[in-house]
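The values are calculated or read from the model by the stated rules, or taken from the named source; none is laboratory data. Here the structure is a predicted model, which means the values were calculated and not measured. For neighbour counting, all protein chains shown are included, and Cβ atoms are generated from backbone atoms with ideal geometry for every residue, glycine included. Side chains are part of the model used for accessible areas, which takes the heavy atoms of the whole protein and leaves out ligands, DNA and RNA. Shrake-Rupley method; radii C 1.70, N 1.55, O 1.52, S 1.80 Å.
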Amino acid sequence: MMQHQRNSDILIIIPAYNEEATLARTVSELKRHTPYDFIVIDDGSKDSTPDIIREEGLPALRHAVNLGIGGSMQSGYKYAHRGGYRYAIQLDADGQHRPEDIAKLVREIETSGCDMVIGSRFVEKSGYRGSLSRRIGIFYFHHLIRVLTGIPVYDPTSGFRIVGRAAIEQFARHYPTDYPEVEVLVSLSKRGFKIKEISVEMRGRQGGTSSINWSKSIYYMLKVTLFSVIRKSFS
């Protein structure tokens, strides 16, 4: 895995699969709002995402085949671990996460002593309005995590997160494959990691189409429930 020159102790990981409509704009906005290093994980895209990465000269890793969000994030965490980064942040390529909120995540993890800080749409009232299937899933997983761990996480499917060095090391060794956000929270809680949410504003997808539909949402809920219960019992 090629390591680019490190200019910061914070790495922003941008997983990207077929994000030709939004990637360049997301990275441009990121550069305006943060001084931190970033790496794009091209997860076997079949559109012009690789061309955009090449034309823009973006630091990137490419998967030969699509591994899913879990595989993409683990590649990013391995890169962060080998590079000696103190913190790693997930920022989706579709423009839903606002780079100007990254400073809030960094400030919170530096002052709170937490291992993970989640940018939440629901810990305070926000203008976010998601699809019905997404809202049902979020409500369901909020209660599942509370039953399994005792901690209230109001936006458990949020991928807008920052983690410290201990979590980076953990994720570089193992990271769930499909739809990992909820499983990760159960696993970290089981190991005594401290997790906190802070309020951020999120936007709708800024281009392209989501791969999640009703049938995938039901599969997601069943699969994550099963693996979260197993992880709680045996991790």
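Could you please let me know if Tyr140 is touching a residue at least 40 places away in the same chain (Cβ under 8 Å), among the hydroxyl-bearing types (Ser, Thr, Tyr) and either in contact with a Lys or Arg (Cβ under 9 Å, 6 or more places away or on another chain) or closer than 21 Å to Ala93 by Cα (or both)?
On the way: touching a residue at least 40 places away in the same chain (Cβ under 8 Å): yes; among the hydroxyl-bearing types (Ser, Thr, Tyr): yes; either in contact with a Lys or Arg (Cβ under 9 Å, 6 or more places away or on another chain) or closer than 21 Å to Ala93 by Cα (or both): no.
Criteria not met by Tyr140.
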Next on the checklist: Taking the criterion of being within 16 Å of Gly159 (Cα to Cα), open to solvent by 20 Å² or more (accessible area, probe 1.4 Å) and out of contact with any helix residue (DSSP H, G or I) (no Cβ under 6 Å at 6 or more places or on another chain), would at least one residue in segment 56-66 satisfy it?
Outcome noted: no
Checklist entry - Name the pairs whose Cβ atoms lie under 8 Å apart, with the first residue in segment 22-33 and free of Cβ contacts under 8 Å to residues at least 40 places away in the same chain, the second open to solvent by less than 90 Å² (accessible area, probe 1.4 Å) and β-branched (Val, Ile, Thr), and 6 or more positions between them or separate chains? => result Ala24/Ile52; Val27/Ile14; Val27/Val40
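Are any residues in segment 40-60 part of a loop (DSSP other than H, G, I, E, B) and free of Cβ contacts under 8 Å to residues at least 12 places away in the same chain, and if so, which ones? Spell out how you get there, then give the answer.
Initially, segment 40-60 is screened for residues part of a loop (DSSP other than H, G, I, E, B), giving 44-48, 57-59.
Answer for segment 40-60, where residues must be part of a loop (DSSP other than H, G, I, E, B) and free of Cβ contacts under 8 Å to residues at least 12 places away in the same chain: just Gly57.
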Item to check | Every pair of residues 6+ apart whose Cβ atoms lie under 6 Å, when the first sits in segment 117-128 and is within 14 Å of Phe160 (Cα to Cα) while the second is at pLDDT below 80 | outcome: Arg121/Tyr128
Checklist outcome for this item: Looking across segment 67-104 at residues that are of a type in the set (A, V, I, L, M) and surrounded by fewer than 22 Cβ atoms within 10 Å (Cβ to Cβ), the single one that is modelled with the lowest pLDDT is Leu67
Item to check | Checklist (1) modelled with pLDDT of 90 or more; (2) crowded, with 21+ Cβ neighbours inside 10 Å applied to Val224, failing item | outcome: (1)
Next on the checklist: Restricting to segment 28-39, count the residues that are open to solvent by less than 50 Å² (accessible area, probe 1.4 Å), in a helix (DSSP H, G or I) and farther than 16 Å from Arg161 by Cβ.
Outcome noted: 1
Next on the checklist: One residue is enough: does segment 8-27 have a residue meeting the conditions modelled with pLDDT of 95 or more, surrounded by fewer than 21 Cβ atoms within 10 Å (Cβ to Cβ) and in a helix (DSSP H, G or I)?
Outcome noted: yes
Next on the checklist: Which residue is farthest from Ile13 (Cα to Cα), if the candidates are limited to segment 132-178 and must be aromatic (Phe, Trp, Tyr) and crowded, with 22+ Cβ neighbours inside 10 Å?
Outcome noted: Phe141
